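Visitor: I'd like to ask some things about the structure below.
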Amino acid sequence: IAEKLFKRLTDRGTDNREVRRPTQLGEICAVAEAELDEVIAVIDAFRAPRRSFLMPPTSKTLTESSVIDISHESLMRNWSQLKVWVTAEARSATVYRRLSETAELHRKGKANYLRDPELTIGLTWLKEQMPNAVWADERYAPEFDGAIAFLQASADARDEEVLNKERARKREINRLRTFLVLLGGLSLL
């Protein structure tokens with residue numbers, strides 16, 4: 001939850017520096033796929049007295065509409081783990097944007113299904129990042145469900161192609177065996 005929280009609160013600007021991105025608590029819950037109390041518990045750990053990494057301060061009760069923000073940009077510059085998370089988020093966003101663009105082109109008939117290595121990259125991204133529509137649609141590119149359906153259709157097309165190649169290979173082996181059996185029988189005669 002903490003990782004998804006800070007990834008949502010931090011963005012990479014055009015100058016490749018981290019910038020604050022205040023976000024409503026309800027959106028953070030949806031991205032993290034966690035209950036409100038679970039997310040508030042994590043936020044409270046980071047906004048406790050003598051820490052105050054997050055805003056609003058502990059004197060304010062958090063609700064689903066509360067806007068959560070990083071209290072100071074120095075946290076983004078000095079916290080190495082946050083830099084790792086932001087870099088991973090930027091890579092994840094790049095993969096998703098590329099996938100979304102290709103899915104849209106495919107829908108318009110201007111692109112084929114993904115093939116390796118792009119397909120493997122997309123499937124690995126999906127498995128490792130476990131993104132959801134809330135994560136993608138508002139911040140990176142709309143039509144998350146369509147992009148994921150396109151990725152799955154690409155995987156299905158690849159699997160079908162592999163299966164067809166395997167069937168053709170087996171037919172060829174069977175033809176060769178039949179030929180060798182006939183040749184062996186003829187040589188015995």
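The values are calculated or read from the model by the stated rules, or taken from the named source; none is laboratory data. All values derive from a computational prediction rather than experimental measurement. Cβ sites come from the backbone with ideal geometry, for glycine too, and all protein chains shown count toward neighbours. Ligands, DNA and RNA are stripped out before the accessible areas are found, and what is left, the full protein with its side chains, is counted by its heavy atoms. Shrake-Rupley method; radii C 1.70, N 1.55, O 1.52, S 1.80 Å.
Visitor: Answer with one residue from THR10, LEU99, VAL42: the one whose Cα lies farthest towards the positive end of the charge dipole of the chain, charges on Cβ with Lys, Arg +1 and Asp, Glu -1.
Guide: The residue sitting most towards the positive pole is LEU99.
Visitor: Ignoring any ligand, DNA or RNA, what whole percent of the accessible area of the stretch 81-127 comes from carbon and sulfur when the probe is 1.4 angstrom?
Guide: Roughly 54 percent, rounded to a whole number.
Visitor: Specify which residue in the list ASN164, TYR140, LEU151 is farthest towards the positive end of the charge dipole of the stretch 118-167, using unit charges on the beta carbon of Lys, Arg (+1) and Asp, Glu (-1), about the Cα centre.
Guide: ASN164
Visitor: A further question follows. Return one number: the angle in degrees, 0 to 90 and rounded to the nearest 10, between the long axis of the Cα atoms of helix 80-107 and the longest principal axis of the Cα atoms of the chain.
Guide: Its long axis makes an angle of about 50 degrees.
Visitor: Something else: I want to verify the translational diffusion coefficient of the stretch 35-136 in µm²/s; compute it with Stokes-Einstein, Rh as the Kirkwood radius over Cα pairs, at 25 °C and 0.890 mPa s. Before the final figure, lay out the partial values.
Guide: Working: Rh = 16.6 Å.
Answer, rounded: 148 µm²/s.
Visitor: Rolling a 1.4 Å sphere over the protein heavy atoms, what is the accessible area per residue of the chain, to the nearest Å²?
Guide: Value for the chain: 63 Å² per residue.
Visitor: For helix 144-188, what angle does its Cα long axis make with the longest principal axis of the chain, in degrees from 0 to 90 and rounded to 10?
Guide: So the inclination is approximately 20 degrees.
Visitor: Radius of gyration and Dmax for the chain's Cα atoms, expressed in Å?
Guide: Values for the chain (Cα only, Rg and Dmax): 25.5, 99 Å.
Visitor: Still on this structure, I have one more. Which lysines have a Cα lying under 25 Å from the Cα of LYS7, excluding residues fewer than 8 positions away in the same chain?
Guide: LYS60, LYS83, LYS127
Visitor: Find how much the distance from LYS108 to ARG175 grows on full extension, using 0.36 nm per residue of separation minus their present alpha carbon separation; answer in nm with one decimal. Provide the component values of the computation, followed by the final result.
Guide: On the way: separation 67, 0.36 × 67 = 24.12 nm, distance 4.22 nm.
That works out to 19.9 nm of additional length.
Visitor: Here's another thing I want to ask about it. Hey, what's the per residue convex hull volume over the C-alpha atoms of the stretch 1-42, in cubic angstrom?
Guide: So the per-residue hull volume is 61 Å³.
Visitor: Could you give the size of the charge dipole of the chain about its Cα centre, using +1 on the Cβ of each K and R and -1 on the Cβ of each D and E, expressed in debye and rounded to the nearest 20?
Guide: Dipole magnitude for the chain comes out near 820 debye.
Visitor: Report the per residue volume, in Å³, of the convex hull enclosing the C-alpha atoms of the stretch 140-187.
Guide: Considering the Cα atoms of the stretch 140-187, their hull volume per residue is 36 Å³.
Visitor: Which whole-number percent is the relative contact order of the chain (Cα, under 8 Å, 6+ apart)?
Guide: It comes to 18 percent, rounded to a whole number.
Visitor: Taking the Cα centre of the stretch 69-119 as origin, sum charge times position over the Cβ atoms of Lys and Arg (+1) and Asp and Glu (-1), and report the length of that vector in debye to the nearest 20.
Guide: Once rounded to the nearest 20, the dipole reads 240 debye.
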